[in-house]
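> This structure is in structure tokens; I'll ask about it shortly.
No lab work stands behind these numbers, since they all come straight from the coordinates. In this text, all values refer to a predicted model and were calculated from it rather than measured experimentally. Using ideal geometry, Cβ is built from the backbone for each residue, glycine included, and neighbour counts are taken over all protein chains shown.
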Amino acid sequence: MKQRLQKLLSAAGVASRRAAEEMISAGRVTVNGVRAELGQSADPDTDTIALDGQTVRFSARRRYIVLHKPKGYVTTMKDDRGRPTVADLVADAGGRLYPVGRLDMDSEGLLILTDDGEAANALMHPSREVDKVYTVFVQGEDIPGALAKLRAMDSLEGEPIARPKVTLIERKGAGAELQMVIHEGKNRQIRRMCASCGLHVSRLVRIAEGPVTLGSLPAGKWRAMTADEISYLQNL
């Protein structure tokens, strides 16, 4: 799969992305014997990439999966308190994978796991402005007023946040189903946001991160990410 050269060189441990860009600009990098250009992509499986005439060796391909985390599991690979973990659900995925971000024990939905630390850090960083989409079931005495407050929020307990996108899906008396889109992933962020506006969250399900969607994946099951999803992560 083709990726930007600076990304490939960084993943191979040659240099940081910024340093790799400088190497490319200086003419030190070639692809199949031809001087590379900044912004160029290559496929480490089919192309020969060299730095100062020495072929760059790439490790085994990274792995990426999507898990539908059920309620009652903690987002960690090991828990000192003996609670069920997401590691129990992906034990048959092979290799050592790590969750990207968190879903609290009472929350459900999409959780990405990978051994690609750089892609994981990019996905979690607020500067990338990756849409994290949630279905949120709430209860409260003043739903319209609470929604107005949620839509206007630009800070949470003194910390700045991007204003969430909040859509009312269905209203039933004192309850409502919402769709919320945020960019950050602060601890229990949506629950805290809702609480500050007088809403109690009864159920929280993450359904998408960027183009990676939960779809019809059953709770407790995982799937391999598609080539397009992997390409998105690797090029953040």
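> Excluding VAL166 itself, calculate the net charge of residues whose Cβ lies under 12 Å from the Cβ of VAL166, where each Lys or Arg counts +1 and each Asp or Glu counts -1.
Its environment carries a net charge of +3.
> Taking the Cα centre as origin and putting +1 on Lys and Arg beta-carbons and -1 on Asp and Glu beta-carbons, what dipole magnitude results for the chain, to the nearest 20 debye?
Charge dipole of the chain: 280 debye, to the nearest 20.
> For segment 138-184, build the convex hull from the C-alpha positions and give me its volume per residue in Å³.
About 73 Å³ per residue, rounded to a whole number.
> Quick one: compute a quarter of the convex hull surface over the Cα atoms of the chain and quote it in nm².
It is 14.9 nm².
> What whole number of Å gives the distance from the Cα centroid of segment 53-101 to the Cα centroid of segment 159-236?
20 Å
> Could you point to the residue in ILE207, SER10, ALA219 farthest towards the positive end of the chain's charge dipole, with +1 and -1 charges on the Cβ of Lys/Arg and Asp/Glu respectively?
ALA219
> Could you list which residues have their amide H under 5 Å from that of LEU178, counting only those 5 or more apart in sequence or on another chain, with H placed in the peptide plane?
The list, which skips near neighbours in sequence, is VAL136, PHE137, VAL138, ILE169.
> For a quick check: sort ASP80, ASP106 by the number of other beta carbons within 10 angstrom, fewest at the front.
Arranged by neighbour count, lowest to highest, ASP80, ASP106 become ASP80, ASP106.
> How large is the dipole of segment 3-55 about the Cα centre if only Lys and Arg carry +1 and Asp and Glu carry -1, each at its Cβ, rounded to the nearest 20 debye?
It works out to roughly 180 debye.
> Moving on to the next point. Test of the criteria: in segment 157-188, which GluC sites (Glu not before Pro) are in a DSSP loop and have at most 10 other Cβ atoms within 10 angstrom of their Cβ?
GLU157
> Can you tally the net charge around ALA176? Count Lys and Arg as +1, Asp and Glu as -1, for every other residue whose Cβ sits under 13 Å from the Cβ of ALA176.
Spelling it out: positives minus negatives among the neighbours equals -1.
> Please tell me which of these pairs span more than 28 angstrom C-alpha to C-alpha: LYS71/LYS165; LYS2/LYS186; LYS78/LYS221?
LYS2/LYS186
> Quick one: if the Förster radius is 35 Å, what FRET efficiency do GLU177 and ALA91 give, using the C-beta to C-beta distance and rounding to 0.05?
0.55
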